[in-house]
Amino acid sequence: MFSPYYAQARRGGRSADPLNHCAVNVALYGRGGGRWAMTERGRGRVSRDATHLQVGPSGLRWSGDALHIVLDELAVPWPSRIRGSVTVQVPRRFDHPVALAPGHRWCPIAPAARVEVALGDTCWSGPGYLDANHGDAPLESAFERWDWSRAHLAGGDSVVLYDVARIGLTPLRLGLRFDMRAGEVCAIDPPPAATLPPTLWRIARGGRTDAGSTTRVVQTLTDAPFYARSLLDARWLGERVTAMHESLSLPRFASPWVQAMLPFRMPRRAG
């Protein structure tokens, strides 16, 4: 959905084949610096069925309650191989699609999962999360921006907060709590809004935290011209949490100068 080549193919109202613009995105963060891979492949390098998706040399496959991901990608802009596997263990799968705007849906598949990563000599495991977005039109035609965040609670439940600024519609303020034992989803009132500092690229970030408490940015993981991913320290539902947070600016994404920059971070291999 962030492909500059797909955006170019759609210009002037032309139709474009989504399967001709597919990629597996890998973002790694660590003390020694991060690595990033997002190479777009053409339709001839994409295959899929009900349980499997293959994009070039990387693939994803469901097997029982686990999603197995095999990675073989080249990082940019400084080339290095990212090769290995990620296994997402899903103790409970949810089917709870949410309409963010007409024609745009978000579905949290595994609000709380277990992830095992093996990338050469680097291995680790920990808590994870899995969701999906799908839509019938470009994101920039329906949204101005959004702030999304999620965190695990001490008892094992997961909470997701969404603040969505929509074009031509009232803002969406969404709070969901996922009961991992009962498999139930409960709507909650999102905590009050909290001010966060903008990123170095001047992307606005909005957070939420319980009344009378503070929230702060622990670390900015991705600081891009139209997108930021951060770790927040906040208080939700009476608990201190470390939340994964993202901010997205669609006018910035659609701007010509950002579209011109994207191919340097997202090369295309049509064959």
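Each value in this text was obtained by applying a stated rule to the coordinates, not by laboratory testing. It should be emphasised that the depicted structure is a prediction, and the values quoted were computed from it without experimental measurement. Using ideal geometry, Cβ is built from the backbone for each residue, glycine included, and neighbour counts are taken over all protein chains shown.
Remarks
- Shape call, segment 64-111: gyration tensor on alpha carbons, a/c limit 1.5: oblate
- Most mobile of E144, E116, E184 in a GNM of the chain (Cα contacts under 10 Å): E184
- Residues whose placed amide H lies under 5 Å from that of S158, excluding near-sequence neighbours: L153, F178, M180
- Pairwise centroid distance, computed over Cα atoms, of segment 203-244 with segment 116-177, Å: 13
- Largest mean-square fluctuation among A23, A228, A137, in a Gaussian network model of the chain whose springs join Cα atoms under 10 Å apart, belongs to A137.
- Tensor-based shape of segment 4-269 (alpha-carbon gyration tensor, a/c under 1.5 rounded, otherwise prolate or oblate): rounded
- Amide H contacts of A194: G207, R208, T209, each under 5 Å away and 5 or more positions distant or on a separate chain (H built 1.01 Å from N in the peptide plane; Pro and chain starts excluded).
- Label point distance in nm, W257-T51, each placed 7 Å from Cα along Cα→Cβ: 5.0
- FRET efficiency for the pair V185 and R83, taken as 1/(1 + (r/R0)^6) with r the Cβ-Cβ distance and R0 = 35 Å, rounds to 0.40.
- Modelled spin labels at S125 and A193, positioned 7 Å past Cα toward Cβ, are 4.2 nm from each other.
- Prolate/oblate/rounded call for segment 1-98, Cα gyration tensor, a/c under 1.5 rounded: oblate
- Relative contact order of the chain, pairs being alpha-carbon contacts under 8 Å that are 6 or more residues apart, as %: 14
- MRE, 222 nm, helices only [DSSP H, n ≥ 4, -39500 (n - 2.57), over the chain, to nearest 500]: -2000 deg cm²/dmol
- When the chain is treated as a GNM with alpha-carbon contacts under 10 Å, the residue of D157, D121, D179 showing the greatest mean-square fluctuation is D121.
- For L221, residues with placed amide H under 5 Å, excluding near neighbours: R229, S230, L231
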